[in-house]
Structure formats: structure tokens, C-alpha cells
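Read through the structure below, which is laid out as C-alpha cells, and then see the notes.
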Amino acid sequence: MKLSKRHFYNGVDYKLDEVNKNVVLMNDFHNKLLNKKLWNKFGFKKIGGSSVGDVLETDDFKSQFAAFARMSWIGLPILDRKYVDAGIDIEPKVVEVIEKQLKLKVETFDPAEYNFDYFADKDDVIGGLPDGFIRDKKIIIEIKTTGEKNYDNWNKYGVPISYLKQSQLYSYLMGVEDFWIVATFLREEDYADPKNFPIKERKIKNYKYKINKAQIIDDISLIKSWYMKYTKSGISPHYNPIKDADLIEYLKCKNETEYKELLDKWNLEGKLKLDYE
């Protein structure tokens with residue numbers, strides 16, 4: 001699989017300010033996003049999925065700077081699809097297990113049909129696509145794949161907060177009280193061939209929750225205030241030179257030549273796992 005084409009560069013569409021440690025969108029590019037004129041129809045992306053945890057900074061690895069770059073179409077592309085592809089291939093297997101055990105239908109949502117946003121008509125700022133919905137029981141299902149080494153940690157310390165926030169948000173937008181996070185724990189060899197994931201031989205656990213309405217209403221308020229502030233200004237939050245190091249390197253590129261040099265460097269370092277030209 002090839003790396004997706006890059007469209008925007010430093011000094012042309014945005015300016016990476018290494019003194020103030022932020023990004024400033026160029027006026028023309030910023031106005032296109034504000035007025036949904038990018039490629040004649042797109043504006044700032046909505047907040048959903050992993051961006052929820054980044055905006056709320058649910059742990060030390062989350063980054064508001066990354067969330068800004070992502071919603072502005074200048075975010076770091078996926079360099080290694082190992083974990084993404086595992087999730088895509090294993091998710092239907094998990095749905096099948098849930099349906100067999102509960103004898104209930106799990107409704108799933110085709111990303112192409114919904115353009116990756118089931119809530120397109122429900123909210124202007126927050127979006128996303130739930131993994132599943134048990135309509136008979138009014139339960140949102142979120143399916144997560146993670147390494148087997150995390151099994152004890154999840155059981156001892158709980159599911160990562162970013163997953164809880166994302167799932168709770170989807171549940172609230174769907175108008176339901178309950179959500180389940182169903183986790184499968186993979187061995188390293190499983191990532192090489194996720195289509196043949198031996199699900200019956202691996203650990204699966206269902207973590208059941210009820211939404212905390214006061215908390216999710218507060219989260220939504222924070223997300224929307226943050227979104228309005230940064231989309232209006234076109235100036236990003238400050239970046240962290242360590243946490244955002246790869247994204248900063250990516251954003252420094254001023255043209256295709258510099259970008260190709262960066263990809264060559266990442267390829268030598270083993271960071272890039274996709275084909276590119």
C-alpha cells in the first residue's frame with residue numbers, strides 16, 4: 001500500500017513557527033477551511049475518534065497540537081498500518097462472537113456510506129463512526145485491539161481514558177445510556193496476518209459502562225470551546241518538541257523534495273512501513 005499524497009507545505013499553506021512553537025495557517029488556506037472551500041467543499045474536520053483524547057489530553061501522550069493539525073488537513077499521515085489493519089480485519093470477527101454469544105444482532109456502519117461520520121446531521125463539531133450498535137438493547141459497541149501485554153494493565157487500571165471518552169461521546173450522541181468496550185488482546189505474530197486471527201485462541205474481554213452525563217456534557221463543552229477558538233484564529237496550540245517530534249519534522253517540509261528526503265530518512269530508520277515514490 002502506498003503512502004497517501006501530500007497536498008500542503010510549510011510557507012505555502014501554513015507557517016511552522018519554531019520560536020513560538022506553533023503553526024499559523026496562511027490567510028488563503030485558513031479562509032478556505034473556514035468557508036468550506038477547500039477543494040470547493042471541505043472545511044475544518046470535525047473532532048472524533050482519536051482527536052477526542054488529544055483535545056482533552058487524556059494522558060501524557062495526547063496532543064492538542066496534533067488534533068489541530070489533523071482537523072486542519074495537515075496532520076501526520078499513517079506511516080505504519082500495522083495496528084490500523086489489525087483493527088479493520090479483526091473487528092468483524094469480534095462482532096460475530098458478540099452476536100453468537102448474545103444471540104442479538106450487532107448493527108454496523110459502512111464507513112463509505114456514512115463518510116466516516118454517523119453523526120453528520122447531529123452535530124457540527126463532533127463526529128465519528130461507532131463500531132457497532134445493539135439496537136434491541138440500546139448499547140453502543142466499541143471494539144479495540146491491543147497487545148496481549150496490556151491485558152493485566154487494563155484489568156488492573158481500567159480501559160484507557162481516551163477510549164472511554166470516545167465511546168461515551170458516541171453513546172451520548174446516539175441517545176443511549178450503555179456502552180461496551182470489547183477488547184481483543186493480540187500476540188505480536190497476529191499483526192502479520194490479522195485476516196486469519198485465531199480469535200478463539202486469544203483473550204477477549206467486554207468492559208461494560210453507563211454514561212456519566214454530567215461528565216460528557218462537560219467534555220463536549222470543552223471540545224467545542226477549543227474547536228471554536230482554534231478554527232477561528234487559525235493558530236495552533238503550542239507543540240511539545242518531544243511528544244510532537246515526528247509531526248514537527250513533517251510540518252517543516254517546504255516542498256516535495258524536502259518531503260521525499262524526510263521519507264527516505266524515516267524509511268532508513270524503520271519508521272515508515274508503506275510504499276512511496
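The values are calculated or read from the model by the stated rules, or taken from the named source; none is laboratory data. From a predicted model like this one, the values you see are computed outputs, not experimental measurements. Ideal geometry is used to build each Cβ from the backbone, glycine not excepted, and the neighbour counts take in all protein chains shown. Side chains included, ligands, DNA and RNA excluded: accessible areas come from the protein's heavy atoms. Shrake-Rupley method; radii C 1.70, N 1.55, O 1.52, S 1.80 Å.
Scanning region 193-215 for residues that are free of Cβ contacts under 8 Å to residues at least 24 places away in the same chain, closer than 30 Å to residue 272 by Cα and part of a helix (DSSP H, G or I) gives a single hit, 196. Residue 218 fulfils the conditions (1) surrounded by 17 or more Cβ atoms within 10 Å (Cβ to Cβ); (2) part of a helix (DSSP H, G or I) except for a single criterion, (1). Looking across region 31-44, just one residue is open to solvent by less than 20 Å² (accessible area, probe 1.4 Å) and part of a helix (DSSP H, G or I), and that is 33.
Tell me, yes or no, whether region 60-82 has at least one residue that is surrounded by fewer than 18 Cβ atoms within 10 Å (Cβ to Cβ), in a helix (DSSP H, G or I) and more than 12 Å from the chain's Cα centre (by Cα). Among the residues of region 60-82, at least one is surrounded by fewer than 18 Cβ atoms within 10 Å (Cβ to Cβ), in a helix (DSSP H, G or I) and more than 12 Å from the chain's Cα centre (by Cα), which makes the answer yes.
Based on what the data block shows, is residue 100 open to solvent by 20 Å² or more (accessible area, probe 1.4 Å) and touching a strand residue (DSSP E or B) at 6+ places or on another chain (Cβ under 9 Å)?
On the way: open to solvent by 20 Å² or more (accessible area, probe 1.4 Å): yes; touching a strand residue (DSSP E or B) at 6+ places or on another chain (Cβ under 9 Å): no.
Criteria not met by residue 100.
Only one of the listed residues (239, 230) is surrounded by 12 or more Cβ atoms within 10 Å (Cβ to Cβ), in contact with a helix residue (DSSP H, G or I) (Cβ under 6 Å, 6 or more places away or on another chain) and not in a helix (DSSP H, G or I). That residue is 239. Of the listed requirements (1) part of a helix (DSSP H, G or I); (2) closer than 25 Å to residue 8 by Cα, residue 93 misses just one: (2). A search for C-beta distances below 6 Å between a residue of region 234-245 that is over 8 Å from residue 21 (Cβ atoms) and any residue that is part of a loop (DSSP other than H, G, I, E, B) and open to solvent by less than 20 Å² (accessible area, probe 1.4 Å), counting only pairs 6+ apart in sequence or on different chains, returns 243/63; 244/63.
Among the residues of region 154-187, write down those that are in a strand (DSSP E or B) and closer than 10 Å to residue 211 by Cβ.
Step one: list which residues in region 154-187 are in a strand (DSSP E or B), which gives 178-186.
Selection gives 178, 179.
Cβ separations smaller than 7 Å between residues 6+ apart or across chains give the following pairs from region 165-187 residues that are in contact (Cβ under 8 Å) with a residue 60 or more places away in the chain to residues that are among the basic types (Lys, Arg) and surrounded by fewer than 21 Cβ atoms within 10 Å (Cβ to Cβ): 184/202; 186/202.
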